[in-house]
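K.L.:
Take this structure first; my questions come after.
Just so you know, all these numbers are worked out from the coordinates, no wet-lab data involved. These numbers come from a predicted model, not from an experiment. For neighbour counting, all protein chains shown are included, and Cβ atoms are generated from backbone atoms with ideal geometry for every residue, glycine included.
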Amino acid sequence: MGNSILRLAKVESDNMLILNMLTPVNHKIVIDSGFDVNACCSGFGNWCIAKAGITGTGSPNDGSFMGYGTELCEPVYGAIGVQVNANGIVTHVGFFDSYTNDGRIRLLGGNQGNGTQAQYSDMAANSFIYWCMPSDC
């Protein structure tokens with residue numbers, strides 16, 4: 001099931017579509033000087049999960065994925081990862097794609113990198129504190 005969720009995430013990476021994804025999780029859409037400034041990682045994740053026919057968290061909060069699904073000891077393709085900052089505060093959520101050659105995590109998610117659109121980013125592996133797959137998988 002992780003494969004189908006990540007496949008959907010790869011296809012549905014258009015920014016306006018992601019903004020529309022935020023509506024079902026009751027996230028207020030903000031446009032600032034023509035650019036959206038929405039934290040859409042959880043909305044993007046929940047939307048992809050829903051498109052796969054699975055119940056997500058229903059929340060625009062990235063921390064809503066803590067405790068979600070079945071916890072994994074190590075990420076697998078399509079797993080949902082929860083990232084924290086240096087202070088231990090949940091800051092991001094996305095889908096695991098692979099490890100890079102230098103051991104970083106290649107993650108697909110909304111609101112990462114340069115802008116709010118969904119894209120791949122390479123992130124420090126030790127910044128992730130929770131990996132899971134939806135329980136319905």
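K.L.:
Let's test the formula: R0 of 22 Å, r as the Cβ-Cβ distance of Ser121 and Thr55. What FRET efficiency results, to the nearest 0.05?
P.N.:
Computed FRET efficiency for Ser121 and Thr55: 0.25.
K.L.:
Let a ≥ b ≥ c be the square roots of the eigenvalues of the Cα gyration tensor of the range 68-137; is it rounded (a/c under 1.5), or, if not, prolate (a/b larger than b/c) or oblate?
P.N.:
Since a/c stays below 1.5, the shape of the range 68-137 is classed as rounded.
K.L.:
For a footprinting-style exposure proxy, rank Ile49, Ile54, Ile129, Ile105 by other Cβ within 10 Å, fewest first.
P.N.:
Going from least to most buried by this count: Ile129, Ile54, Ile105, Ile49.
K.L.:
If you stretched the chain out fully between Thr100 and Ile129, how much longer would it get, using 0.36 nm times the residue separation minus the C-alpha to C-alpha distance?
P.N.:
So the chain would gain 8.6 nm between Thr100 and Ile129.
K.L.:
For Tyr130, what residues show an amide H to amide H distance below 5 Å, using hydrogens built from the backbone and excluding near sequence neighbours?
P.N.:
Here Val82 satisfy the definition.
K.L.:
OK, next. With θ set to phi - 60°, apply the Karplus curve 6.51 cos²θ - 1.76 cosθ + 1.60 along the range 90-96 and write out the HN-Hα couplings as whole Hz, x wherever there is a Gly or Pro.
P.N.:
5, 10, 6, 8, x, 9, 5
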